[in-house]
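The values are calculated or read from the model by the stated rules, or taken from the named source; none is laboratory data. In this text the structure is predicted, and so the values were computed from the model without any measurement. Glycine gets a Cβ as well: all are built from the backbone with ideal geometry, and neighbour counts include every protein chain shown. Heavy atoms of the whole protein, side chains included, go into the accessibility calculation; ligands, DNA and RNA do not. Shrake-Rupley method; radii C 1.70, N 1.55, O 1.52, S 1.80 Å.
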Amino acid sequence: MDFTKTVAVVTGANRGLGRKFAEELVARGAKVYATARRPETMDIEGVTPLRLDVTDHSSIEAAAKVATDATLLINNAGKDGGGDLLTTTLDEIREQLEVHYIGSLAAIRAFAPVIEANGGGAVLNVASVLSWAHFPGVGSYSVAKAAEWAMTNAVRQTLAPKGITVTGLHVGYMDTDMAAHVDGSKSDPAEVAKVTLDAVANGDAEVLFDELTRNVKAGLSAAL
Ligand SMILES: NC(=O)c1ccc[n+]([C@@H]2O[C@H](COP(=O)([O-])OP(=O)(O)OC[C@H]3O[C@@H](n4cnc5c(N)ncnc54)[C@H](OP(=O)(O)O)[C@@H]3O)[C@@H](O)[C@H]2O)c1
């Protein structure tokens with residue numbers, strides 16, 4: 001993938017990892033639609049702000065009608081919290097699925113035909129180490145990320161014949177608002193964006209960004 005010829009759509013681009021993706025793409029010469037629930041708050045130089053709330057499917061469809069030159073979709077938008085599956089509200093559990101799984105899938109359904117019409121390209125889904133590590137306190141977030149992982153693997157096969165590669169990013173704590181409550185070591189989101197964009201350009205199926213994530217995935221078949 002030649003980023004100087006890439007037209008990217010990034011969800012949740014106003015802060016955190018999404019912002020780093022947008023900035024890095026601009027630095028690499030791409031055209032960037034930096035989408036957000038409140039695009040009026042976007043202050044990244046060199047991007048085209050666009051409204052897109054992943055839980056409002058009409059806003060996804062509207063964005064796909066504007067970004068008709070898109071060749072790369074980055075499903076980055078995410079919501080923290082989640083909570084214990086037995087005590088958090090079912091509305092919160094549904095909201096986690098809406099943002100991470102259904103919202104990302106809806107964006108793929110809207111943008112894959114656009115990317116295909118533009119000669120092919122790529123999709124990146126931002127999942128997590130918690131797709132595979134399932135702790136009670138973040139149970140509903142994990143279920144949503146595991147669903148996003150499964151969806152990523154299924155659509156990869158559907159989109160390959162259309163000339164669209166699908167990459168899944170899995171990473172532990174990053175230094176963003178979402179992990180502000182966490183003490184200890186966190187990855188630099190700017191570095192995550194750089195490494196992940198290299199993998200997307202390479203057409204890699206998965207990015208396992210840190211050692212923790214690599215160990216957790218390698219241990220999936222271990223006894224619980
Ligand atoms: N931080 C971590 O430790 C970590 C680790 C592994 C994976 N991740 C994943 O990495 C991705 C980026 O997270 P982050 O760390 O950058 O979190 P963040 O700093 O909390 O940023 C979240 C972004 O998602 C946007 N967003 C939330 N709900 C949305 C919706 N319904 N529609 C559109 N945008 C929405 C937010 O927009 P507003 O400003 O409007 O709220 C914000 O731009 C997420 O998918 C997250 O699950 C994070």
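Structure data summary
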| read-out | value |
| --- | --- |
| Top-ranked residue in the range 33-42 [being at pLDDT 95 or above and open to solvent by 20 Å² or more (accessible area, probe 1.4 Å); ranked as nearest to Ala22 (Cα to Cα)] | Met42 |
| Residue match in the range 100-122 (condition: of a type in the set (Ser, Thr, Tyr), farther than 16 Å from Asn75 by Cα and without any contact (Cβ under 8 Å) to a residue 60 or more places away in the chain) | no |
| Some residue of the range 132-148 being closer than 20 Å to Gly18 by Cβ and more than 16 Å from the ligand (Cβ to nearest atom) | no |
| Subset tally (residues that are in contact with a helix residue (DSSP H, G or I) (Cβ under 8 Å, 6 or more places away or on another chain) and open to solvent by 60 Å² or more (accessible area, probe 1.4 Å)) for the range 87-112 | 1 |
| Selected residue (only one of Thr196, Thr165 is at pLDDT 95 or above and assigned to a strand (DSSP E or B)) | Thr165 |
| Residue that is farthest from Gly18 (Cα to Cα), among those in the range 173-183 that are open to solvent by less than 70 Å² (accessible area, probe 1.4 Å) and near the ligand (Cβ under 6 Å from one of its atoms) | Ala179 |
| Among residues of the range 122-162, those that are among the hydrophobic types (A, V, I, L, M, F, W, C) and not in a helix (DSSP H, G or I), counted | 8 |
| Test set (1) in contact with a strand residue (DSSP E or B) (Cβ under 6 Å, 6 or more places away or on another chain); (2) at pLDDT below 95 - Gly18 fails condition number | (2) |
| Options Gly121, Gly168, Gly219, Gly163; residue that is away from the ligand (no atom under 12 Å from the Cβ) and open to solvent by less than 30 Å² (accessible area, probe 1.4 Å) | Gly121 |
| Failed item, numbered, when Asp53 is tested on (1) in a loop (DSSP other than H, G, I, E, B); (2) open to solvent by less than 20 Å² (accessible area, probe 1.4 Å); (3) of a type outside the set (Lys, Arg) | (2) |
| Residue match in the range 9-30 (condition: surrounded by fewer than 23 Cβ atoms within 10 Å (Cβ to Cβ), away from the ligand (no atom under 11 Å from the Cβ), within 19 Å of Asn202 (Cα to Cα) and of a type in the set (Lys, Arg)) | yes |
| All positions within the range 185-212 that are open to solvent by less than 60 Å² (accessible area, probe 1.4 Å), among the small types (Gly, Ala, Ser) and either touching a residue at least 60 places away in the same chain (Cβ under 8 Å) or over 23 Å from Arg28 (Cα atoms) (or both) | Ala190, Ala193, Ala201, Gly203 |
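Every residue, every condition in (1) within 12 Å of the chain's Cα centre (by Cα); (2) closer than 27 Å to Asn215 by Cα, yes or no:
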{"position": "Glu98", "(1), (2)": "no, no"}
{"position": "Leu105", "(1), (2)": "yes, no"}
{"position": "Glu116", "(1), (2)": "no, no"}
{"position": "Ser131", "(1), (2)": "no, yes"}
{"position": "Gly139", "(1), (2)": "no, yes"}
{"position": "Lys145", "(1), (2)": "yes, yes"}
